[in-house]
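Colleague: Next up is a structure, given as C-alpha coordinates.
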Amino acid sequence: MRAAETRSWNEDPCGRNGWAQAPRTVRVYNAIVARWLAFAVLLALAGSTAQPAAADDPEALLRSAATHLQQGDATQAIHDLKAALAANPRLAAAHMLLGQAYLAQHSVEMAADAKAELQQALDLDPHLLWAHFYLAKIYLDLGRNQQAKEQLEQGLKEQPNIPHFLSLLGEADRKLGDPQASIELNHKALEVDSRMTPAHYYAALAYLDLKQEDAAIRELEAAIRSPYIAPEMCTALASLYAKRQRFAEAEALDRKAIALDATRPETYLNLARLYNSQGASDKALTALGLVFPEGKTFPADAYYEKLQADAAFEEGRAYQAKKMTSQALAAYLRCLDLDAGNGAAHRQLAELYLKKGDTASARDHADAAEKLGTPVEPALRQRISQAR
(Lines give C-alpha, C1' and ligand atoms only; values in the text may rest on other atoms or scores of the structure.)
Protein backbone atom coordinates (compact mmCIF):
# COMPACT_ATOMS: atom_id res chain seq x y z
CA MET A 1 0.00 0.00 0.00
CA ARG A 2 1.12 3.57 -0.56
CA ALA A 3 2.18 5.72 2.41
CA ALA A 4 -1.08 7.66 2.55
CA GLU A 5 -3.04 4.43 2.58
CA THR A 6 -0.90 2.92 5.34
CA ARG A 7 -1.53 5.92 7.59
CA SER A 8 -5.27 5.46 7.26
CA TRP A 9 -5.03 2.08 8.98
CA ASN A 10 -4.07 3.86 12.19
CA GLU A 11 -7.33 5.77 12.30
CA ASP A 12 -10.25 4.42 14.30
CA PRO A 13 -12.04 2.22 11.76
CA CYS A 14 -15.30 3.16 13.43
CA GLY A 15 -14.75 6.85 12.92
CA ARG A 16 -14.81 9.33 15.78
CA ASN A 17 -18.08 7.99 17.16
CA GLY A 18 -17.72 4.42 15.97
CA TRP A 19 -17.92 2.69 19.35
CA ALA A 20 -21.63 3.42 19.27
CA GLN A 21 -21.70 0.37 16.98
CA ALA A 22 -20.09 -1.82 19.65
CA PRO A 23 -19.97 -5.57 19.03
CA ARG A 24 -22.57 -7.79 20.64
CA THR A 25 -20.00 -9.97 22.37
CA VAL A 26 -17.38 -8.92 24.86
CA ARG A 27 -15.39 -12.13 24.87
CA VAL A 28 -14.40 -12.04 21.20
CA TYR A 29 -14.70 -9.03 18.91
CA ASN A 30 -15.76 -10.87 15.78
CA ALA A 31 -18.01 -10.10 12.83
CA ILE A 32 -19.02 -6.52 13.58
CA VAL A 33 -15.41 -5.54 14.25
CA ALA A 34 -14.41 -7.09 10.96
CA ARG A 35 -16.93 -4.79 9.33
CA TRP A 36 -15.32 -1.77 11.01
CA LEU A 37 -11.96 -2.75 9.57
CA ALA A 38 -13.57 -3.45 6.23
CA PHE A 39 -14.88 0.09 6.21
CA ALA A 40 -11.34 1.34 6.84
CA VAL A 41 -10.14 -0.65 3.84
CA LEU A 42 -12.73 0.95 1.63
CA LEU A 43 -11.61 4.36 2.82
CA ALA A 44 -7.97 3.49 2.27
CA LEU A 45 -8.58 1.99 -1.15
CA ALA A 46 -11.15 4.48 -2.33
CA GLY A 47 -12.68 3.47 -5.61
CA SER A 48 -15.49 1.52 -7.13
CA THR A 49 -16.27 -1.91 -5.69
CA ALA A 50 -19.01 -2.64 -8.17
CA GLN A 51 -16.83 -4.46 -10.69
CA PRO A 52 -15.64 -8.02 -10.04
CA ALA A 53 -12.09 -8.12 -8.71
CA ALA A 54 -9.43 -9.29 -11.12
CA ALA A 55 -7.38 -12.23 -9.86
CA ASP A 56 -4.13 -10.34 -10.53
CA ASP A 57 -5.21 -7.10 -8.83
CA PRO A 58 -4.61 -7.50 -5.07
CA GLU A 59 -5.96 -4.07 -4.13
CA ALA A 60 -9.18 -4.74 -6.06
CA LEU A 61 -9.46 -8.07 -4.25
CA LEU A 62 -8.88 -6.28 -0.95
CA ARG A 63 -11.69 -3.84 -1.77
CA SER A 64 -13.94 -6.77 -2.68
CA ALA A 65 -13.10 -8.60 0.56
CA ALA A 66 -13.77 -5.48 2.59
CA THR A 67 -17.19 -5.14 0.98
CA HIS A 68 -18.02 -8.77 1.74
CA LEU A 69 -16.97 -8.34 5.37
CA GLN A 70 -19.19 -5.28 5.67
CA GLN A 71 -22.04 -7.42 4.37
CA GLY A 72 -21.26 -10.20 6.85
CA ASP A 73 -20.03 -12.65 4.22
CA ALA A 74 -16.81 -13.91 5.83
CA THR A 75 -16.53 -16.93 3.51
CA GLN A 76 -16.30 -14.87 0.33
CA ALA A 77 -14.06 -12.35 2.07
CA ILE A 78 -11.62 -15.15 2.93
CA HIS A 79 -11.66 -16.31 -0.70
CA ASP A 80 -10.82 -12.81 -1.95
CA LEU A 81 -8.18 -12.18 0.71
CA LYS A 82 -6.40 -15.44 -0.04
CA ALA A 83 -6.39 -14.50 -3.72
CA ALA A 84 -5.02 -11.05 -2.87
CA LEU A 85 -2.25 -12.59 -0.78
CA ALA A 86 -1.43 -15.07 -3.54
CA ALA A 87 -0.84 -12.08 -5.79
CA ASN A 88 0.97 -10.05 -3.12
CA PRO A 89 1.97 -11.99 0.03
CA ARG A 90 3.33 -8.81 1.63
CA LEU A 91 0.01 -6.98 1.72
CA ALA A 92 -0.17 -6.35 5.47
CA ALA A 93 -3.73 -5.05 5.43
CA ALA A 94 -4.89 -8.25 3.74
CA HIS A 95 -3.32 -10.36 6.48
CA MET A 96 -5.05 -8.21 9.12
CA LEU A 97 -8.44 -8.47 7.45
CA LEU A 98 -7.97 -12.20 6.91
CA GLY A 99 -7.42 -12.57 10.64
CA GLN A 100 -10.66 -10.67 11.23
CA ALA A 101 -12.51 -12.77 8.68
CA TYR A 102 -11.41 -15.93 10.50
CA LEU A 103 -12.69 -14.49 13.79
CA ALA A 104 -15.97 -13.54 12.11
CA GLN A 105 -16.64 -17.23 11.51
CA HIS A 106 -17.21 -17.66 15.27
CA SER A 107 -15.10 -20.81 15.31
CA VAL A 108 -12.71 -21.59 18.14
CA GLU A 109 -10.74 -23.74 15.72
CA MET A 110 -9.99 -20.67 13.56
CA ALA A 111 -8.48 -18.67 16.43
CA ALA A 112 -4.98 -20.00 15.72
CA ASP A 113 -5.26 -19.04 12.05
CA ALA A 114 -6.56 -15.59 12.99
CA LYS A 115 -3.66 -15.09 15.40
CA ALA A 116 -1.13 -16.14 12.75
CA GLU A 117 -2.55 -13.68 10.20
CA LEU A 118 -2.60 -10.79 12.65
CA GLN A 119 0.96 -11.53 13.69
CA GLN A 120 2.07 -11.66 10.07
CA ALA A 121 0.37 -8.34 9.43
CA LEU A 122 2.39 -6.80 12.26
CA ASP A 123 5.59 -8.42 11.04
CA LEU A 124 5.04 -6.65 7.72
CA ASP A 125 3.83 -3.38 9.22
CA PRO A 126 4.29 -2.96 13.00
CA HIS A 127 2.28 0.27 12.89
CA LEU A 128 -1.03 -1.45 12.07
CA LEU A 129 -2.83 -0.22 15.16
CA TRP A 130 -5.89 -2.46 15.03
CA ALA A 131 -3.85 -5.59 14.43
CA HIS A 132 -2.32 -4.95 17.87
CA PHE A 133 -5.79 -4.61 19.36
CA TYR A 134 -7.30 -7.81 17.98
CA LEU A 135 -4.16 -9.82 18.57
CA ALA A 136 -4.37 -8.67 22.19
CA LYS A 137 -7.99 -9.81 22.32
CA ILE A 138 -7.02 -13.27 21.10
CA TYR A 139 -4.25 -13.43 23.69
CA LEU A 140 -6.78 -12.58 26.42
CA ASP A 141 -9.08 -15.33 25.21
CA LEU A 142 -6.13 -17.75 25.34
CA GLY A 143 -5.20 -16.66 28.85
CA ARG A 144 -1.92 -15.11 27.70
CA ASN A 145 -2.63 -11.92 29.58
CA GLN A 146 0.87 -10.45 29.74
CA GLN A 147 1.24 -10.74 25.97
CA ALA A 148 -2.14 -9.07 25.55
CA LYS A 149 -1.00 -6.23 27.79
CA GLU A 150 2.16 -5.77 25.74
CA GLN A 151 0.21 -5.54 22.49
CA LEU A 152 -2.16 -2.95 23.93
CA GLU A 153 0.65 -0.88 25.40
CA GLN A 154 2.39 -0.92 22.04
CA GLY A 155 -0.78 0.36 20.39
CA LEU A 156 -1.14 3.13 22.96
CA LYS A 157 2.44 4.20 22.24
CA GLU A 158 1.44 4.57 18.59
CA GLN A 159 -1.73 6.51 19.43
CA PRO A 160 -2.43 7.42 23.08
CA ASN A 161 -5.81 7.48 24.78
CA ILE A 162 -7.75 5.31 22.34
CA PRO A 163 -10.68 4.20 24.53
CA HIS A 164 -10.83 0.69 23.03
CA PHE A 165 -7.20 0.09 23.99
CA LEU A 166 -7.56 1.65 27.44
CA SER A 167 -10.56 -0.51 28.26
CA LEU A 168 -9.07 -3.77 27.05
CA LEU A 169 -5.79 -2.95 28.81
CA GLY A 170 -7.81 -2.57 31.99
CA GLU A 171 -9.24 -6.06 31.50
CA ALA A 172 -5.73 -7.42 30.91
CA ASP A 173 -4.61 -5.80 34.16
CA ARG A 174 -7.57 -7.32 36.01
CA LYS A 175 -6.69 -10.77 34.73
CA LEU A 176 -3.11 -10.13 35.84
CA GLY A 177 -4.38 -9.47 39.36
CA ASP A 178 -4.80 -5.68 39.46
CA PRO A 179 -8.55 -4.89 39.46
CA GLN A 180 -7.99 -1.34 40.72
CA ALA A 181 -5.91 -0.55 37.63
CA SER A 182 -8.74 -1.95 35.50
CA ILE A 183 -11.27 0.35 37.14
CA GLU A 184 -9.05 3.38 36.56
CA LEU A 185 -8.35 2.53 32.91
CA ASN A 186 -11.98 1.76 32.11
CA HIS A 187 -13.15 4.98 33.71
CA LYS A 188 -10.52 6.80 31.69
CA ALA A 189 -11.86 5.13 28.55
CA LEU A 190 -15.37 6.30 29.46
CA GLU A 191 -14.09 9.84 29.90
CA VAL A 192 -12.86 9.70 26.31
CA ASP A 193 -16.07 8.09 25.01
CA SER A 194 -18.98 7.81 27.42
CA ARG A 195 -20.82 5.42 25.08
CA MET A 196 -18.20 2.70 25.23
CA THR A 197 -20.41 0.07 26.81
CA PRO A 198 -17.79 -2.68 27.31
CA ALA A 199 -15.83 -0.38 29.63
CA HIS A 200 -18.73 -0.51 32.10
CA TYR A 201 -18.69 -4.31 31.88
CA TYR A 202 -14.95 -4.61 32.47
CA ALA A 203 -15.14 -2.15 35.37
CA ALA A 204 -17.95 -4.26 36.86
CA LEU A 205 -15.80 -7.39 36.68
CA ALA A 206 -13.05 -5.52 38.51
CA TYR A 207 -15.44 -4.36 41.22
CA LEU A 208 -16.61 -7.95 41.64
CA ASP A 209 -13.00 -9.03 42.12
CA LEU A 210 -12.82 -6.42 44.89
CA LYS A 211 -16.09 -7.73 46.44
CA GLN A 212 -17.81 -4.40 45.74
CA GLU A 213 -21.12 -5.67 44.43
CA ASP A 214 -23.01 -2.38 44.68
CA ALA A 215 -20.46 -0.68 42.44
CA ALA A 216 -20.55 -3.63 40.03
CA ILE A 217 -24.33 -3.39 39.79
CA ARG A 218 -24.10 0.33 39.00
CA GLU A 219 -21.65 -0.34 36.18
CA LEU A 220 -23.72 -3.17 34.72
CA GLU A 221 -26.92 -1.14 34.94
CA ALA A 222 -25.16 1.61 33.02
CA ALA A 223 -24.03 -0.94 30.44
CA ILE A 224 -27.48 -2.40 29.77
CA ARG A 225 -28.97 1.06 29.28
CA SER A 226 -27.02 1.17 26.05
CA PRO A 227 -28.64 -0.27 22.91
CA TYR A 228 -25.29 -1.92 22.14
CA ILE A 229 -25.00 -4.56 24.82
CA ALA A 230 -23.58 -8.05 25.02
CA PRO A 231 -25.26 -11.14 26.53
CA GLU A 232 -22.51 -11.38 29.16
CA MET A 233 -23.57 -8.02 30.57
CA CYS A 234 -27.14 -9.22 31.02
CA THR A 235 -26.20 -12.53 32.65
CA ALA A 236 -23.70 -10.88 34.99
CA LEU A 237 -26.31 -8.43 36.23
CA ALA A 238 -28.93 -11.20 36.40
CA SER A 239 -26.66 -13.20 38.72
CA LEU A 240 -26.26 -10.23 41.05
CA TYR A 241 -30.00 -9.55 41.05
CA ALA A 242 -30.69 -13.22 41.84
CA LYS A 243 -28.39 -13.02 44.88
CA ARG A 244 -30.60 -10.19 46.10
CA GLN A 245 -33.77 -12.15 45.32
CA ARG A 246 -34.76 -9.78 42.54
CA PHE A 247 -35.87 -12.85 40.63
CA ALA A 248 -38.22 -11.30 38.09
CA GLU A 249 -35.62 -8.77 36.99
CA ALA A 250 -32.97 -11.48 36.84
CA GLU A 251 -35.12 -13.71 34.63
CA ALA A 252 -35.92 -10.81 32.31
CA LEU A 253 -32.21 -10.15 31.87
CA ASP A 254 -31.44 -13.80 31.16
CA ARG A 255 -34.22 -13.81 28.57
CA LYS A 256 -32.75 -10.70 27.03
CA ALA A 257 -29.35 -12.40 26.83
CA ILE A 258 -30.96 -15.35 25.03
CA ALA A 259 -32.63 -12.96 22.60
CA LEU A 260 -29.23 -11.43 21.86
CA ASP A 261 -27.55 -14.81 21.34
CA ALA A 262 -29.49 -18.04 21.74
CA THR A 263 -26.40 -20.21 21.23
CA ARG A 264 -24.54 -19.36 24.43
CA PRO A 265 -24.66 -22.23 26.98
CA GLU A 266 -23.77 -19.88 29.85
CA THR A 267 -27.10 -18.08 29.65
CA TYR A 268 -29.19 -21.25 29.99
CA LEU A 269 -27.02 -22.34 32.91
CA ASN A 270 -27.59 -18.98 34.55
CA LEU A 271 -31.33 -19.39 34.03
CA ALA A 272 -31.23 -22.89 35.57
CA ARG A 273 -29.47 -21.50 38.65
CA LEU A 274 -32.15 -18.86 38.94
CA TYR A 275 -34.97 -21.40 38.75
CA ASN A 276 -33.26 -23.67 41.29
CA SER A 277 -32.98 -20.71 43.66
CA GLN A 278 -36.76 -20.36 43.45
CA GLY A 279 -37.47 -24.08 43.81
CA ALA A 280 -38.70 -24.30 40.20
CA SER A 281 -36.97 -27.63 39.54
CA ASP A 282 -38.81 -28.57 36.36
CA LYS A 283 -38.02 -25.20 34.78
CA ALA A 284 -34.40 -25.62 35.84
CA LEU A 285 -34.18 -29.03 34.16
CA THR A 286 -35.72 -27.64 30.98
CA ALA A 287 -33.14 -24.84 30.90
CA LEU A 288 -30.33 -27.34 31.56
CA GLY A 289 -31.41 -29.32 28.53
CA LEU A 290 -30.48 -26.30 26.43
CA VAL A 291 -27.00 -25.79 27.93
CA PHE A 292 -25.41 -28.53 25.83
CA PRO A 293 -28.13 -29.55 23.35
CA GLU A 294 -27.85 -32.93 21.71
CA GLY A 295 -26.08 -32.86 18.37
CA LYS A 296 -24.15 -29.65 19.02
CA THR A 297 -20.38 -29.86 19.55
CA PHE A 298 -18.32 -27.71 21.86
CA PRO A 299 -14.54 -27.32 22.29
CA ALA A 300 -12.87 -29.87 24.55
CA ASP A 301 -11.19 -27.33 26.80
CA ALA A 302 -11.12 -26.40 30.48
CA TYR A 303 -13.71 -23.65 30.08
CA TYR A 304 -16.41 -25.90 28.63
CA GLU A 305 -15.51 -28.72 31.00
CA LYS A 306 -16.19 -26.36 33.90
CA LEU A 307 -19.51 -25.40 32.31
CA GLN A 308 -20.44 -29.08 32.09
CA ALA A 309 -19.53 -29.54 35.75
CA ASP A 310 -21.63 -26.55 36.78
CA ALA A 311 -24.56 -27.82 34.70
CA ALA A 312 -24.31 -31.22 36.37
CA PHE A 313 -24.34 -29.55 39.79
CA GLU A 314 -27.51 -27.61 38.94
CA GLU A 315 -29.07 -30.83 37.65
CA GLY A 316 -28.26 -32.41 41.00
CA ARG A 317 -29.93 -29.51 42.82
CA ALA A 318 -33.05 -29.85 40.72
CA TYR A 319 -33.36 -33.61 41.23
CA GLN A 320 -32.58 -33.29 44.93
CA ALA A 321 -35.40 -30.77 45.32
CA LYS A 322 -37.70 -33.22 43.54
CA LYS A 323 -36.55 -35.95 46.00
CA MET A 324 -35.21 -38.02 43.10
CA THR A 325 -32.20 -39.25 45.06
CA SER A 326 -30.65 -41.61 42.52
CA GLN A 327 -30.70 -39.00 39.76
CA ALA A 328 -29.34 -36.34 42.11
CA LEU A 329 -26.49 -38.61 43.24
CA ALA A 330 -25.59 -39.39 39.63
CA ALA A 331 -25.57 -35.71 38.68
CA TYR A 332 -23.40 -34.65 41.63
CA LEU A 333 -20.94 -37.49 40.98
CA ARG A 334 -20.76 -36.48 37.33
CA CYS A 335 -20.02 -32.94 38.49
CA LEU A 336 -17.09 -34.22 40.57
CA ASP A 337 -15.79 -36.29 37.68
CA LEU A 338 -15.46 -33.01 35.76
CA ASP A 339 -14.49 -30.77 38.68
CA ALA A 340 -13.06 -32.63 41.67
CA GLY A 341 -12.70 -29.36 43.58
CA ASN A 342 -16.41 -28.59 43.70
CA GLY A 343 -16.94 -28.49 47.45
CA ALA A 344 -20.65 -27.76 47.15
CA ALA A 345 -21.17 -31.07 45.33
CA HIS A 346 -19.35 -32.92 48.10
CA ARG A 347 -21.56 -31.18 50.65
CA GLN A 348 -24.76 -32.21 48.89
CA LEU A 349 -23.50 -35.77 48.46
CA ALA A 350 -22.80 -36.00 52.18
CA GLU A 351 -26.45 -35.21 52.88
CA LEU A 352 -27.80 -37.60 50.24
CA TYR A 353 -25.60 -40.53 51.29
CA LEU A 354 -26.61 -40.06 54.92
CA LYS A 355 -30.28 -40.26 53.88
CA LYS A 356 -29.47 -43.49 52.04
CA GLY A 357 -27.84 -44.90 55.14
CA ASP A 358 -24.35 -44.92 53.62
CA THR A 359 -22.58 -43.30 56.56
CA ALA A 360 -19.06 -44.00 55.31
CA SER A 361 -19.67 -42.23 52.00
CA ALA A 362 -21.45 -39.38 53.81
CA ARG A 363 -18.45 -38.93 56.08
CA ASP A 364 -15.97 -39.03 53.18
CA HIS A 365 -17.83 -36.32 51.28
CA ALA A 366 -18.30 -34.20 54.39
CA ASP A 367 -14.55 -34.38 55.02
CA ALA A 368 -13.81 -33.47 51.38
CA ALA A 369 -16.22 -30.53 51.54
CA GLU A 370 -14.52 -29.23 54.69
CA LYS A 371 -11.06 -29.49 53.10
CA LEU A 372 -12.32 -27.47 50.14
CA GLY A 373 -13.64 -24.70 52.38
CA THR A 374 -17.33 -25.55 52.04
CA PRO A 375 -18.11 -27.48 55.23
CA VAL A 376 -21.48 -29.11 55.80
CA GLU A 377 -23.87 -27.62 58.33
CA PRO A 378 -22.93 -28.45 61.96
CA ALA A 379 -26.24 -30.26 62.44
CA LEU A 380 -25.51 -32.52 59.45
CA ARG A 381 -21.97 -33.19 60.67
CA GLN A 382 -23.40 -34.15 64.07
CA ARG A 383 -25.92 -36.51 62.47
CA ILE A 384 -23.13 -38.15 60.46
CA SER A 385 -21.05 -38.60 63.62
CA GLN A 386 -23.97 -40.06 65.54
CA ALA A 387 -24.71 -42.53 62.73
CA ARG A 388 -21.32 -44.20 63.00
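The values are calculated or read from the model by the stated rules, or taken from the named source; none is laboratory data. Being a predicted model, the structure only gives us computed values, none of them experimental. Backbone-built Cβ (ideal geometry, glycine too); neighbour counts: all protein chains shown.
Colleague: Could you list, ordered by first residue, the pairs with Cβ atoms under 7 Å in which the first is in the stretch 88-103 and farther than 13 Å from LEU135 by Cβ and among the hydroxyl-bearing types (Ser, Thr, Tyr) and the second is part of a helix (DSSP H, G or I) and at pLDDT 90 or above, at least 6 apart or interchain?
Modeller: Going by the 7 Å Cβ cut-off, there are no qualifying pairs.
Colleague: Follow-up question, since we're still on this one. Six or more apart or on different chains, Cβ under 8 Å: which pairs go from a residue in the stretch 244-260 that's farther than 19 Å from PRO227 by Cα to one that's of a type in the set (Phe, Trp, Tyr) and in a helix (DSSP H, G or I)? Could you list them?
Modeller: PHE247/TYR241
Colleague: I'd like the residue in the stretch 338-365 that is among the charged types (D, E, K, R) and without any contact (Cβ under 8 Å) to a residue 24 or more places away in the chain and, out of all such residues, is nearest to ARG273 (Cα to Cα).
Modeller: ASP364
Colleague: Between residues in the stretch 366-388 that are farther than 12 Å from ALA345 by Cα and residues that are in a loop (DSSP other than H, G, I, E, B) and acidic (Asp, Glu), which pairs lie under 6 Å by C-beta distance while being six or more apart or on different chains?
Modeller: From the stretch 366-388, no pairs qualify.
Colleague: Taking ARG195 as meeting all but one of (1) in contact (Cβ under 8 Å) with a residue 60 or more places away in the chain; (2) crowded, with 22+ Cβ neighbours inside 10 Å; (3) in contact with a Ser or Thr (Cβ under 9 Å, 6 or more places away or on another chain), write down the number of the exception.
Modeller: So ARG195 meets the others, but not (2).
Colleague: For the structure I just gave you, tell me whether ALA257 is in contact with a Pro (Cβ under 6 Å, 6 or more places away or on another chain) and either more than 23 Å from GLY143 (Cβ to Cβ) or at pLDDT 95 or above (or both).
Modeller: Answer is yes for this residue.
Colleague: Also, I was wondering about something else. Would you check if TYR134 is of a type in the set (Ser, Thr, Tyr), closer than 20 Å to SER167 by Cβ and surrounded by fewer than 23 Cβ atoms within 10 Å (Cβ to Cβ)?
Modeller: no
Colleague: Let me ask you something else. Starting from residues that are charged (D, E, K, R), part of a helix (DSSP H, G or I) and under 21 Å from the mean Cα position of the chain (by Cα), keep the ones in the stretch 262-293 and report whichever is modelled with the lowest pLDDT.
Modeller: GLU266
Colleague: Give just the number: which of (1) assigned to a helix (DSSP H, G or I); (2) out of contact with any Lys or Arg (no Cβ under 7 Å at 6 or more places or on another chain); (3) surrounded by 16 or more Cβ atoms within 10 Å (Cβ to Cβ) does TYR228 not satisfy?
Modeller: (1)
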